[in-house]
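Take a look at the structure below.
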Amino acid sequence: MPIAAKAIWSIGFLIGTTTHALDIWHGGWLPYDFRPLPWNIYWTSLVFFDPLAALLIWVRERVAILLGCAIMASNVLVNGYTAFISGYEQFYFGLALQSAFAIFVFVVAFQDLPEEQV
């Protein structure tokens, strides 16, 4: 993976880390009490998984690609459900940004696969 792509990858996941860390800072552990406990645990866990994906892209690229795709797929699904099914319209803008970053992650991951796996 090109260094520029790794840098964008890291910055994107570190933005997610910062968002969740600030939520914990301001709201305490499991701060997302407006949603059911599984959502709360999931979003809180991203304070650990996002920086792991940002670090691993530099040292264990294949693992980072799998983790990054899992994070972004689940994040867009959970936040999309929260926005569109549960009616939290304040998620729309963040979801749009996350979706754009998810597309980047998936495209980079797909391009990095060896030809026999495509």
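Points worth noting:
- Peptides ranked, highest mean first, by Cβ atoms within 10 Å: ranges 86-93, 38-45: 38-45, 86-93
- Residue (of Leu55, Leu67, Gln111) at the positive-pole extreme of the chain, dipole from beta-carbon charges: Leu55
- Each label was represented as a point 7 Å from its Cα along the Cα-to-Cβ direction; for Leu66 and Gln111 these points are 2.3 nm apart.
- Contour minus Cα-Cα distance for Leu22 and Leu55 (0.36 nm per residue): 9.9 nm
- Expected 222 nm ellipticity per residue - DSSP helices of 4 or more, -39500 (n - 2.57), all of the chain, to 500: -26500 deg cm²/dmol
- Note on Tyr92 and Leu14: the extension gain reaches 26.1 nm, defined as 0.36 nm multiplied by sequence separation minus the Cα-Cα distance.
- Considering only alpha-carbon pairs that sit under 8 angstrom and 6 or more positions apart, the relative contact order computed for the range 29-118 is 20 percent.
- Pairwise FRET efficiency - Phe84 versus Asn40, Cβ, R0 = 25 Å, nearest 0.05: 0.85
Laboratory data are not the source of any read-out in this text; all were calculated from the coordinates shown. The structure displayed is predicted, hence computed values, not measured ones. As a convention, Cβ positions derive from the backbone with ideal geometry for all residues, glycine included, and neighbour counts pool all protein chains shown.
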